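One structure below.
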Amino acid sequence: MGRGVLTDRVRIPRLVIAGTQSGVGKTTIVSGLLSALRRRGLNVQSYKVGPDYIDPGYHALASGRPCHNLDSWLMPQERLLSMFAATSRGMDIAVVEGVMGLFDGGRGGVASTASLARLLSAPVVLVVNARSAGESVAAVVLGFKHYDPSLALAGVILNQVGSDSHQAMVVEAVERIGVKVLGVIRRADSLKVPERHLGLLPVTENAADAVLESIHAAIAGQLDVDALLELAGKAPELSMPEAPMLPATRQVKIGVAKDEAFSFYYPESLRVLEEMGAELVPFSPLRDTTLPAVDGLLFGGGFPEMFLQQLADNQPMLDAIRAAAGQGVPIVAECGGYMYLCRSVTDFQSNQYPMVGLIGENCLMAQRLQTVGYVEATALVDSVLCQAGETLRGHEFHFSRMEPADAAQPCQPAFLITKNRTGLSAPGGFAGANLVASYLHIHFAGNLAAARRFVDACGVYRNRDREAN
């Protein structure tokens with residue numbers, strides 16, 4: 001997996017839908033736009049800036065294609081560009097949803113929507129919440145327009161507009177400063193997407209088809225889709241590196257926990273494991289009673305806290321995972337997977353449920369967010385993911401915390417976790433002979449050595465298992 005080779009310059013119609021801040025309705029508007037484009041018979045590919053797992057599910061439902069994350073902290077620029085080129089090739093339009101406000105990101109603006117828009121030379125459409133504001137909306141837009149003149153701020157979409165007179169006032173003010181209004185979205189209760197403690201409710205857990213239909217009905221007709229298509233078509237050509245090829249044969253099989261409780265995976269991150277020679281085999285900790293015949297296990301994040309009774313009641317699966325761990329199967333677990341593999345999880349109502357028990361810690365849900373943001377994790381010991389001293393880049397976002405099940409026998413932490421924003425460090429996670437688990441979400445495209453080490457560990461187990469039989 002060497003460096004990519006620059007292809008011929010390619011033309012990819014594209015645009016970035018950004019916001020003035022979080023909560024202005026970007027995901028709802030982008031989902032409505034994707035639905036409108038798809039119903040026109042267009043091939044549309046969507047992207048989400050930042051380490052988001054939930055919004056891409058709505059994108060995929062609306063566009064009919066997996067959404068990909070664009071995050072310059074979690075993956076190197078070359079890989080980001082090659083993935084963008086490979087997934088947008090042949091599409092009529094690429095639509096990128098921003099994260100938070102246009103200029104927000106990690107410390108120093110790393111991985112911000114603005115930085116991605118500059119990298120992709122993409123025109124930017126700004127979503128503004130016009131509720132309780134009139135001409136002041138124009139002042140806000142003018143500030144965004146002049147804050148960074150290198151960005152191509154090509155227009156705005158006004159959200160939460162209350163009446164005809166309100167619309168006329170705001171549109172006139174915005175167009176007076178030379179910015180085109182590309183959509184006006186009226187207030188509507190039907191546009192409220194179900195939420196929970198980590199944000200929007202995943203599409204795997206609600207009547208997403210009905211929600212999307214409401215979004216389409218309320219938004220599609222209020223966007224100037226023709227103007228947005230014309231704008232995307234004016235984006236300049238790009239030179240892009242080629243994406244790595246998948247191997248013709250696979251050397252190992254890795255079981256990937258996938259269901260309503262475990263759904264947080266980046267498609268491109270999983271593809272890296274395939275590039276390394278792994279065949280990915282999905283299974284459900286909620287419903288399956290046996291594990292597939294695999295050489296390794298990957299437990300991603302999700303919402304196990306919402307399915308604790310069902311997970312605890314699936315005793316055959318708990319036993320199967322314990323048995324696999326006892327046989328030496330390499331296991332990697334992130335966030336929700338970490339919670340699932342510990343002794344127990346105590347929910348928001350203080351009810352305790354037994355889990356797999358591979359980690360001597362108990363997980364407790366908290367009413368407040370425990371941490372969020374980009375981090376660097378330096379390995380404290382060798383594991384199936386990395387060697388001691390190696391550093392991984394990742395992201396954390398969780399409402400739970402861990403406590404030792406036995407204070408006299410603390411677990412071996414896997415990493416020293418350093419927060420990108422504050423520089424504060426603390427040990428975290430768990431590392432055992434063939435298991436590493438933590439709250440850390442990583443992207444294998446930005447941690448290729450970790451992907452290689454995990455796949456190689458699975459290969460060692462596979463060969464040992466074959467020799468034993």
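A full extension of the chain between E279 and V10 corresponds to an added length of 93.7 nm, given 0.36 nm per residue minus the alpha carbon distance.
Too long at a 21 Å Cα-Cα cut-off: which of K48/K419; K26/K48; K26/K258; K258/K419?
Among K48/K419; K26/K48; K26/K258; K258/K419, the Cα-Cα distance tops 21 Å for K48/K419; K26/K258; K258/K419.
Once the 1.4 Å probe is applied to the protein heavy atoms, region 239-315 comes out at 37 Å² accessible per residue. Here's the picture: charge each Lys and Arg Cβ at +1 and each Asp and Glu Cβ at -1 in the chain, and of Y266, G432, G459 the one pushed furthest to the positive end of that dipole is Y266.
Straight-distance candidates among the aspartates and glutamates for linking to K180, with alpha-carbon spacing under 17 Å and chain neighbours fewer than 8 residues away dropped: E135, E172, D224, D226, E230.
Enter the per residue convex hull volume of region 378-434, computed from alpha-carbon coordinates, in Å³ rounded to the nearest integer. Write down the numbers at each step before the final one.
Values: hull volume 6.0 nm³, N = 57.
Residue-normalised Cα hull volume stands at 106 Å³.
For the chain, with all protein chains present and a 1.4 Å probe, just round the carbon and sulfur fraction of the accessible area to a whole percent.
Details: 9470 of 19020 Å².
Reported share for carbon and sulfur atoms: 50 percent.
The distance separating the Cα centre of region 366-428 from that of region 161-181 comes to 48 Å.
What does the charge count near V356 come to, summing +1 for each Lys or Arg and -1 for each Asp or Glu among other residues with Cβ under 12 Å from its Cβ?
0
For the chain, the residue among S115, A218, G423 whose Cα projects farthest onto the positive side of the dipole built from Cβ charges is S115. Per residue, the solvent-accessible area of region 390-469 (1.4 Å probe, heavy atoms of protein chains only, all protein chains present) comes to 49 Å². Taking Cα centre as origin and charging only the Cβ of basic (Lys, Arg, +1) and acidic (Asp, Glu, -1) residues, the dipole magnitude of the chain rounds to 740 debye.
Amide H contacts of M91 (H built 1.01 Å from N, in plane; Pro and chain starts excluded): no residue 5 or more places away or on another chain comes under 5 Å. In the chain, Rg over Rh equals 0.99, where Rg is the alpha-carbon radius of gyration and Rh the Kirkwood radius from pairwise Cα distances.
Kindly work out what percent of the DSSP beta bridges joining two residues of the chain are antiparallel, to the nearest 5.
Values: 36 of 83 bridges.
Antiparallel bridges: around 45 percent, rounded to the nearest 5.
Placing one equal scatterer on every Cα of region 105-172 and applying the Debye formula, the log10 ratio I(q)/I(0) at q = 0.11, 0.15, 0.26 Å⁻¹ is -0.32, -0.55, -1.12.
Sequence-distant contacts, meaning Cα pairs under 8 Å at least 6 residues apart, place the relative contact order of the chain at 15 percent. Here the spin labels are modelled as points 7 Å beyond Cα on the Cα-Cβ line, and at L119 and N351 they lie 4.3 nm apart.
When only DSSP loop residues count, what GluC sites (Glu not before Pro) in region 211-262 have their Cβ near at most 16 other Cβ atoms within 10 Å? Intermediate values should be presented prior to the final figure.
Working: sites: E213, E230, E237, E242, E260; in loops: E237, E242, E260.
In loop regions of region 211-262 (DSSP not H, G, I, E or B), the sparsely surrounded GluC sites (Glu not before Pro) are E237, E242.
Counting Lys +1, Arg +1, Asp -1, Glu -1, what net charge surrounds E390 among other residues with beta carbon under 13 Å of its beta carbon?
Numbers: positive: R393, R452, R453; negative: E376, D382.
Summing Lys/Arg as +1 and Asp/Glu as -1 gives +1.
For region 257-396, the alpha carbon convex hull comes to 119 Å³ per residue, rounded to a whole number.
Which value results when the Cα radius of gyration for region 340-469 is divided by 2.2 N^0.38 Å?
Numbers: Rg = 15.9 Å, N = 130, 2.2 N^0.38 = 14.0 Å.
With N residues counted in region 340-469, Rg over 2.2 N^0.38 Å equals 1.14.
What does the net charge come to around A449 if you take all other residues with beta carbon closer than 15 Å to its beta carbon, with K and R at +1 and D and E at -1? Before the final figure, lay out the partial values.
On the way: positive: R79, R393, R452, R453; negative: E275, E376, D382, E390, D456.
After counting each charged neighbour, the total is -1.
Estimate the FRET efficiency between A248 and V110 by the formula 1/(1 + (r/R0)^6), using the beta-carbon distance for r and 45 Å for R0, to the nearest 0.05. That pair, A248 with V110, gives E of 0.75.
The values are calculated or read from the model by the stated rules, or taken from the named source; none is laboratory data. Note that the structure is predicted; figures quoted are calculated from it, not measured. So basically every Cβ, Gly included, is an ideal-geometry build from the backbone, and we count neighbours across all protein chains shown. Ligands, DNA and RNA are stripped out before the accessible areas are found, and what is left, the full protein with its side chains, is counted by its heavy atoms. Shrake-Rupley method; radii C 1.70, N 1.55, O 1.52, S 1.80 Å.
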